[in-house]
Amino acid sequence: MARVRWRDRSKVERVEWQSRFTLGAVNWLFLLAWSGTGLAGSLRGERTAFALGVALVVVNAAQCLVAGRHTSLALDQYLGRGPVPRALTVTAGALTLAAFALIAAIVATDSNRDGLIAMPLLFAPMPFAGAYSLMVPVRRFVRQAAVVIAVVLACSAVLGHASVSLVAEAGLLALSAAIALASYRCSAWNLSVVWESERSREVEARLAVAEERLRFGRDLHDVMGRNLSVVALKSELAVQLARRGRTEAAVAQMVEVQRIAQESQKEVRDVVRGYREADLTVELVGARGVLDAAGIACTVTGSAAGLPGEVQSALAWVVREATTNVLRHGDAKSCRVTVENKAEGVVLTVENDGAAAAAQGGRGSGLAGLRERLAQVNGTLEAGVVREGVFRVMAVVPSVPARQPEPEGVR
């Protein structure tokens, strides 16, 4: 799989990468802050204590290494992308048991002091519990955590721990399970909501395209269905008249067929033109609504009032493409859209403060397509970074564009 650069990722993909990195790094952070600190401050200066401490650190590091892969696959399972291999879960669980066993050995050999062994005990179940919380329902996780706590307490009681110590152990293990469940599960839930929102937008866009295609199909059927029926009837009548020797009447019918065909041609061009054209006023309102919904403050200045239809259509596509680039490629916090009537013509400007990533979108085929559309109304397009952090798309169209000759036939 090709590696995707950060600036080429969508916002949802960036959120997912950040979530995965955070969940993977939190175990290492807890290892240093909890288990490492607890061992450094509690082990006695004896050979046995040192050996057990080193062994526990090695096991804890192995837990973090395995947890990185385990958590990533568990997150995939939570998002519905595939199950976690059973062998990986067994390995993570075995390392957790090994950590508990080493902690018990440290306590049994009196290798610790000052009671700081509680910190390694708090860390021991975290790497496994975090990933496992994503793999099973919450109630099942709570039940199984309670069973594990009961087993650990039973083993501690066999080793002769005081009742006060048992209560403290139960509290630490319960806290560890609660932290794992809250942090991992909440992060995964937030990520699933973001992806669901993204899928909803994609579905909405596909539905809008499908609805437009249905409208186009209905309009084309209304135009061609009626006219083709008339053409068929008049052609049949012309044939019958010609067979009867009524040539002049047959010619008149064919002239009428020719007229209807020409009208149909014009009507089809109108339908296609209406299908291709976009409304500038609608696009300005839509751009502001979409960007505001995405958390990008958008201001719109000017209006499309009085502009020719061809100019409105061309500029509407500029607004649509520029807005898409801001959403897809940029990290903008604000966007400004301006429509002005100047001496050189109508000037549309779209500026945003996400220049670094927006420039990536500016190198694609979208802007090339816009230049082709603007060329049909003698317009020009400029796009690029105008000052630090600001990316601008500017379209200039003469107020009264020269109409391009329309080719023969239906386009």
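The values are calculated or read from the model by the stated rules, or taken from the named source; none is laboratory data. From a predicted model like this one, the values you see are computed outputs, not experimental measurements. Every residue, glycine as well, gets a Cβ built from its backbone with ideal geometry; the counts of neighbours run over all protein chains shown. We work out accessible area using only protein heavy atoms, side chains counted, and drop any ligands, DNA or RNA first. Shrake-Rupley method; radii C 1.70, N 1.55, O 1.52, S 1.80 Å.
Here are the numbers for this structure:
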{"read-out": "Length released on extending from VAL15 to THR109, taking residue separation times 0.36 nm less the Cα-Cα span", "value": "29.2 nm"}
{"read-out": "Area accessible to solvent at LEU32, 1.4 Å probe radius, in Å²", "value": "130"}
{"read-out": "For the range 99-147, average projected area of the Cα convex hull in nm²", "value": "3.8"}
{"read-out": "Local electrostatic count at ILE296 - Lys and Arg +1, Asp and Glu -1, tallied over other residues with Cβ under 13 Å", "value": "+1"}
{"read-out": "Rel. contact order, % - alpha carbon contacts under 8 angstrom, at least six apart, the range 227-354", "value": "19"}
{"read-out": "Contact order relative to length of the chain, as percent, for alpha carbon pairs under 8 angstrom and 6 or more apart", "value": "11"}
{"read-out": "Charge dipole (debye, nearest 20) of the chain; +1 at Cβ of Lys and Arg, -1 at Cβ of Asp and Glu", "value": "760"}
{"read-out": "Efficiency of FRET between ALA55 and ASP270 - r from beta-carbon atoms, R0 51 angstrom, step 0.05", "value": "0.05"}
{"read-out": "Over the chain: helical MRE at 222 nm, DSSP H runs n ≥ 4 each giving -39500 (n - 2.57), nearest 500", "value": "-23500 deg cm²/dmol"}
{"read-out": "Spread of Cα-to-Cα distances over 10 Å intervals beginning at zero, given as percent, for the range 118-208", "value": "15, 37, 22, 13, 8, 4, 1, 0"}
{"read-out": "Cα pair distances of the range 53-165 binned at 5 Å [whole percent]", "value": "2, 11, 20, 22, 18, 13, 8, 4, 2, 0"}
{"read-out": "Under 21 Å from LYS266, Cα to Cα: lysines that are on another chain or at least 8 residues apart", "value": "LYS234"}
{"read-out": "Spin-label model distance (nm) - ARG143 vs VAL385, 7 Å beyond Cα toward Cβ", "value": "5.8"}
{"read-out": "Formal net charge of residues neighbouring PRO137 (Cβ-Cβ distance under 15 Å; K, R +1; D, E -1)", "value": "+4"}
{"read-out": "Sequence-separation-based contact order of the range 1-124, relative, with Cα cut under 8 Å and 6+ spacing, percent", "value": "38"}
{"read-out": "Heavy-atom SASA rank of MET135, MET254, MET126 (probe 1.4 Å, accessible area, largest first)", "value": "MET254, MET135, MET126"}
{"read-out": "Net charge, ARG336 excluded, C-beta distance under 11 Å - Lys, Arg +1, Asp, Glu -1", "value": "0"}
{"read-out": "Difference of contour (0.36 nm per residue) and Cα-Cα distance, ALA178 to SER235", "value": "12.3 nm"}
{"read-out": "Whole-angstrom gap from the range 315-352 to the range 197-262, using each part's C-alpha centre", "value": "39"}
{"read-out": "Distance cut-off 18 Å, percentage of C-alpha pairs in the range 34-84 lying past it", "value": "49"}
{"read-out": "Percent accessible area from carbon and sulfur atoms, the chain, protein chains only, probe 1.4 Å", "value": "60"}
